[in-house]
Amino acid sequence: MNANAGVDMKLEIVVIPVADVDRAKRFYGDLGWRLDADYPSDDGYFRVIQFTPPGSGCSVIFGKNVTAAAPGSAQGLYLIVSDIEAARQELLDRGVAISEVFHDAAGVYAGSDEPYLFGRVRIGGIDPARSSYRSFASFQDPDGNGWLFQEITQRLPGRVEAATTFHSPQDLAAALRRAGAAHGEHEKRTGGKHDENWPDWYAEYIVREQAGEELPL
């Protein structure tokens, strides 16, 4: 933690406004998200439902009389994934409508497309360089609350704590594949000899990648 920081402030809940609570509960359950709570009051005045996406430290809450916001007004809710094609396919397999994967037009902020982090122009397909942060896919819940997948495989410097963690076997496997590909290039640069210390090289690569540091060559 930054030595100049004060008390930790961890974002844990995002409230999303819905019109039909049971419909929203079915939708988010069908996404494969974990149902944490469904608490109605005895008098029927309010009801609180909480779901948590796989691997997420932050949950969503919706229900009856939990927010004054208009249903469908929550937009730009980002779900970070390590493999956007696999994440998109999982939603399709679950019967959820989702856009094609798209990337940005190098920061064009005037256009007819729905706005997102990098502008208002969406170019079809994964970012040509497969750069971290640059590939997206969008979907909505039945009320129109807007979600986006964003693919991140290497964090910018300073964006994570020193600890290296993985939230699923798939995330760890993806990190190992990236380390393996990079290590193959490393062996080519060193004359093609087998590197007996490849576990150390893999470990350093993965830790640096998560921390957003310069990667080993």
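The values are calculated or read from the model by the stated rules, or taken from the named source; none is laboratory data. Quantities reported herein were computed from a predicted structural model and do not represent experimental measurements. Here Cβ is always computed from backbone atoms with ideal geometry, including for glycine, and neighbour counts include all displayed protein chains.
Name the residue, out of Asp8, Asp22, that is exposed (fewer than 12 other Cβ atoms within 10 Å of the Cβ), more than 30 Å from Leu92 (Cβ to Cβ) and over 21 Å from the mean Cα position of the chain (by Cα). Steps first, please.
Numbers: Asp22 fails: more than 30 Å from Leu92 (Cβ to Cβ).
Exactly one of Asp8, Asp22 is exposed (fewer than 12 other Cβ atoms within 10 Å of the Cβ), more than 30 Å from Leu92 (Cβ to Cβ) and over 21 Å from the mean Cα position of the chain (by Cα), namely Asp8.
If you check Val101 against the conditions, is it surrounded by 13 or more Cβ atoms within 10 Å (Cβ to Cβ), free of Cβ contacts under 8 Å to residues at least 60 places away in the same chain, β-branched (Val, Ile, Thr) and within 30 Å of Tyr39 (Cα to Cα)? Even if it seems obvious, please write down each step before you answer.
Working: surrounded by 13 or more Cβ atoms within 10 Å (Cβ to Cβ): yes; free of Cβ contacts under 8 Å to residues at least 60 places away in the same chain: yes; β-branched (Val, Ile, Thr): yes; within 30 Å of Tyr39 (Cα to Cα): no.
For Val101, the condition - surrounded by 13 or more Cβ atoms within 10 Å (Cβ to Cβ), free of Cβ contacts under 8 Å to residues at least 60 places away in the same chain, β-branched (Val, Ile, Thr) and within 30 Å of Tyr39 (Cα to Cα) - is not met.
For the condition at positive phi and outside the structural domain of Trp147 (by TED's automatic domain parsing), what is the one hit in Gly95, Gly32?
Details: Gly95 fails: outside the structural domain of Trp147 (by TED's automatic domain parsing).
Going through Gly95, Gly32 in turn, just one is at positive phi and outside the structural domain of Trp147 (by TED's automatic domain parsing): Gly32.
Within region 116-129, work out how many residues are in a loop (DSSP other than H, G, I, E, B) and closer than 15 Å to Arg88 by Cβ.
Residues meeting the conditions: 3.
For region 186-217, how many residues are among the small types (Gly, Ala, Ser), in a loop (DSSP other than H, G, I, E, B) and either surrounded by 13 or more Cβ atoms within 10 Å (Cβ to Cβ) or at pLDDT 80 or above (or both)? Before the answer, list the steps.
Filtering region 186-217 for residues among the small types (Gly, Ala, Ser) gives 191-192, 203, 211-212.
Then drop every residue that is not in a loop (DSSP other than H, G, I, E, B), which leaves 191-192, 212.
Remaining after also requiring either surrounded by 13 or more Cβ atoms within 10 Å (Cβ to Cβ) or at pLDDT 80 or above (or both): 191, 212.
Result for region 186-217: 2.
Results for (1) surrounded by 17 or more Cβ atoms within 10 Å (Cβ to Cβ); (2) in contact with a Leu (Cβ under 6 Å, 6 or more places away or on another chain); (3) within 17 Å of Lys10 (Cα to Cα), shown as yes or no for each residue.
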position	(1), (2), (3)
Ile49	yes, no, no
Cys58	no, yes, yes
Asn65	no, no, no
Ala69	no, no, no
Gly72	yes, no, no
Tyr78	no, yes, yes
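If you check every pair at least six apart or on different chains, which have Cβ atoms under 9 Å apart with a residue in region 172-186 that is touching a residue at least 12 places away in the same chain (Cβ under 8 Å) first and a residue that is exposed (fewer than 14 other Cβ atoms within 10 Å of the Cβ) and in a helix (DSSP H, G or I) second?
Ala174/Ala86; Ala179/Ala203
Please note which strands (runs of 3 or more DSSP E) are completely contained in region 9-67 and include at least 2 residues that are out of contact with any Pro (no Cβ under 9 Å at 6 or more places or on another chain) and among the polar types (S, T, N, Q). Break it down into steps so the answer makes sense when it comes.
Values: elements: 13-15, 34-40, 47-52, 59-64.
So the answer is 47-52.
Restricting to region 6-22, give me the number of residues that are out of contact with any strand residue (DSSP E or B) (no Cβ under 8 Å at 6 or more places or on another chain), closer than 17 Å to Phe62 by Cβ and touching a residue at least 12 places away in the same chain (Cβ under 8 Å). Lay out the reasoning, then the answer.
From region 6-22, those out of contact with any strand residue (DSSP E or B) (no Cβ under 8 Å at 6 or more places or on another chain) are 6-11, 19-20, 22; that's our starting set.
Imposing the further condition that a residue be closer than 17 Å to Phe62 by Cβ reduces the set to 11, 19-20, 22.
So of that shortlist, the ones also touching a residue at least 12 places away in the same chain (Cβ under 8 Å) come out as 11, 19-20.
Of the residues in region 6-22, 3 are out of contact with any strand residue (DSSP E or B) (no Cβ under 8 Å at 6 or more places or on another chain), closer than 17 Å to Phe62 by Cβ and touching a residue at least 12 places away in the same chain (Cβ under 8 Å).
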